[in-house]
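Structure first, commentary second.
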Amino acid sequence: MSENNIQNIVAERTDKANMYLNDAHNLAGQLNWYDNKAVFNKTWHMRLGLIIIAAGAATSIVQLWSPSPDGVHWSTWLSAVLGGVVIIAKGIDSLWKFDDNWANYRQAAEQMKRERRLFINSVGPYRSCSNEQNAFQLFAKRIEQIIATEENIFWKDKAPANEEPDRQQD
């Protein structure tokens, strides 16, 4: 294949990928959504982690001041408040799953970007496609699989823990 031929294929595939991701299905919006959600979840996971570390460390330091013999000392109250802050911050992080969401959204965004690069450069699964139509169909299928996988993870995490999947009767 000549250099000019390769450049034409890359340009054509770039146009097709952009058309599919931007124009036809607004998947560029989906990709941006994954990027933004990944950043949001990472930020909140890190903030809550810092609060947990700081409040936990401060609780230990506050314990150095012992209560006075004639009553409750301010260090007792402060220790209790800091302990509550640790529990609340950890609870929020666990309930809203900022860490898991961050990883899932980042993974989906990066997989979509990678799939676009593989398609445009005719590598990976696109190398062996017999024609451009097959390559484009494979690209669309793989992008949709990435989105479906992320959606399945999202809904699986939202199901109650004691809920069992429907079983077919024999």
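Annotations
- The chain, relative contact order [Cα under 8 Å, separation at least 6], %: 26 percent
- Packing-based order for 54-65, 106-117, using average beta carbon neighbours within 10 Å, highest first: 106-117, 54-65
- Potential extension, HIS73-LEU50 segment - 0.36 nm per residue separation minus Cα distance: 5.6 nm
- Among the DSSP helices (H) of the chain, those spanning at least 30 angstrom by Cα along their long axis with an average Kyte-Doolittle hydropathy of -1.0 or more are 27-62, 74-96, 132-158; this is a geometric and hydropathy rule only.
- P(r) weight above 29 Å for the chain, C-alpha pairs, percent: 49 percent
- Per residue value of the accessible surface for the chain (all protein chains in place, 1.4 Å probe), Å²: 68 Å²
- Each peptide in 35-41, 74-80 gets a packing score, the mean of other Cβ atoms within 10 Å over its residues, and the list from highest to lowest is 35-41, 74-80.
- Rounded percent of accessible protein surface that carbon and sulfur make up, the chain, 1.4 Å probe: 57 percent
The values are calculated or read from the model by the stated rules, or taken from the named source; none is laboratory data. Just so it is clear, the model here is predicted, and its values are computed rather than measured. We place every Cβ from the backbone using ideal geometry, glycine too, and count neighbours over all the protein chains shown. Side chains are part of the model used for accessible areas, which takes the heavy atoms of the whole protein and leaves out ligands, DNA and RNA. Shrake-Rupley method; radii C 1.70, N 1.55, O 1.52, S 1.80 Å.
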